[in-house]
Structures are given as structure tokens and as C-alpha cells.
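The values are calculated or read from the model by the stated rules, or taken from the named source; none is laboratory data. Keep in mind it's a predicted model, so treat the numbers as computed, not measured. We place every Cβ from the backbone using ideal geometry, glycine too, and count neighbours over all the protein chains shown.
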Amino acid sequence: MSLVILVALALVAYWLFTKRKKSAVKTTSDLPPKLDRWVCDILERELATRTLGIANSTADERKRLSKTLRGDPDPELVTTIEGAVKSVQLEFMKYAHEQDAEVVVRVTYEDGATANVGERMPLADLPEGVRADFASKGSTRVFRGWEFPWSRIRAS
């Protein structure tokens, strides 16, 4: 009898966990390569200053960080970044009369600080899912979580 109760509790816990996970902010698994490179460039400059303490860094000084953000992770940097960054989120803003959108990369740090960097981009450069959300929901803002490359590998 207790085995049946344990199995039932395990199934309920599993169901709650998967349901909660689905209701979280969508992540950007469908970013066009150009947009993904843009996000990595922003994060490279932001993390070099804020996380690694290299103010006004050159591309050569950020080389290890650049490789880490683009899929060749350095374990030491991954640990540093994971300890400092709470989340990275993309905000897409488009108004009905506009033919482009504002894209903002929002980095939230574990200490509560945030950094926001944005740029206007043509709608064609946005992920298909984001354009579909603008069209179907009629909203002016769409949010997507962004995951570091080493997290994407782990989640697969």
C-alpha cells in the first residue's frame, strides 16, 4: 500500500514540475544566426565589464569570453558567469504602424542589478515565433528568455 502511495506522489510531483516548467517564459531556441551573434556581442561587452572587471576591453582581451559565449565554453568562465548572471531576457517591441521592432537584451545579475541594451531591427530579422506572436496576439511586446550555449547543450 505504501509503495502505491509513493508512486502516486512521485507522479503528482512529476506532473506539477512539468506543468510549472511549461508556464515559464519561453526561451529563444529559434533565433536567426544574425540575431544570436548580436546578442553574443552585447553580452561579451557587458560581461567583460561587469563580471570580469575588464572596463573598455579590446576584442583580444575578450577572446576567451567570446569563444565561451559562442559554444566553446571555458569552465572557469562558465562558473564565473553562472555565479554572476541570474537571467538573460530578450524583449521585442513593435507598434502597429512600424515596419521594424526594438530588440532589448536585458541581463539580470544575481545581486539585483540589470543592464539593458537595445537596437531597432527589421521584422524579417526577428524569430518566426516572435513575429507570429505579434500577429496573432496583437501585443506590442513579446518576451523570450535567452540561454547560454552550455545550457542549451545540457538541456538537449
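Details
- Pairs with Cβ under 6 Å, 6+ apart, first in region 132-150 and touching a residue at least 12 places away in the same chain (Cβ under 8 Å), second in a helix (DSSP H, G or I) and not β-branched (Val, Ile, Thr): VAL142/ASP133
Yes or no, residue by residue, for (1) over 20 Å from ASP30 (Cα atoms); (2) of a type outside the set (Ser, Thr, Tyr):
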| site | (1), (2) |
| --- | --- |
| ARG64 | yes, yes |
| GLY71 | no, yes |
| PRO75 | yes, yes |
| TYR95 | yes, no |
| THR114 | yes, no |
| GLY138 | yes, yes |
| GLU147 | no, yes |
| SER151 | no, no |
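- Region 116-156 - residue that is among the acidic types (Asp, Glu) and under 15 Å from ARG106 (Cβ atoms) and, of those, modelled with the highest pLDDT: GLU119
- Residue list for region 98-122, filter: in a strand (DSSP E or B) and either of a type in the set (Gly, Ala, Ser) or in contact with a helix residue (DSSP H, G or I) (Cβ under 7 Å, 6 or more places away or on another chain) (or both): ASP100, ALA101, VAL105, VAL107, TYR109, ALA115, VAL117, GLY118
- Any hit, region 65-72, residues being without any contact (Cβ under 8 Å) to a residue 24 or more places away in the chain, within 24 Å of PRO33 (Cβ to Cβ) and among the basic types (Lys, Arg): yes
- Only residues that are aromatic (Phe, Trp, Tyr) and surrounded by 17 or more Cβ atoms within 10 Å (Cβ to Cβ) were counted in region 77-96, giving 1.
Per-residue answers, yes or no, for (1) of a type in the set (Val, Ile, Thr); (2) more than 30 Å from ARG131 (Cβ to Cβ); (3) modelled with pLDDT of 85 or more:
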site: MET1; (1), (2), (3): no, yes, no
site: LEU16; (1), (2), (3): no, yes, no
site: PRO33; (1), (2), (3): no, no, yes
site: ASP36; (1), (2), (3): no, no, yes
site: GLU44; (1), (2), (3): no, no, yes
site: ARG70; (1), (2), (3): no, no, yes
site: THR80; (1), (2), (3): yes, yes, yes
site: ALA84; (1), (2), (3): no, yes, yes
site: VAL88; (1), (2), (3): yes, no, yes
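- Of all residues in region 42-59, those that are closer than 13 Å to VAL105 by Cβ have Cβ atoms under 8 Å from Cβ atoms of residues that are modelled with pLDDT of 90 or more and of a type in the set (D, E, K, R), 6 or more apart or on another chain, in GLU44/ARG62; ARG45/ARG62.
- Close Cβ contacts (under 6 Å, 6 or more residues apart or on different chains) running from residues in region 74-95 that are more than 15 Å from GLU46 (Cα to Cα) to residues that are among the charged types (D, E, K, R) and outside any strand (DSSP E or B) comprise ASP74/ARG64.
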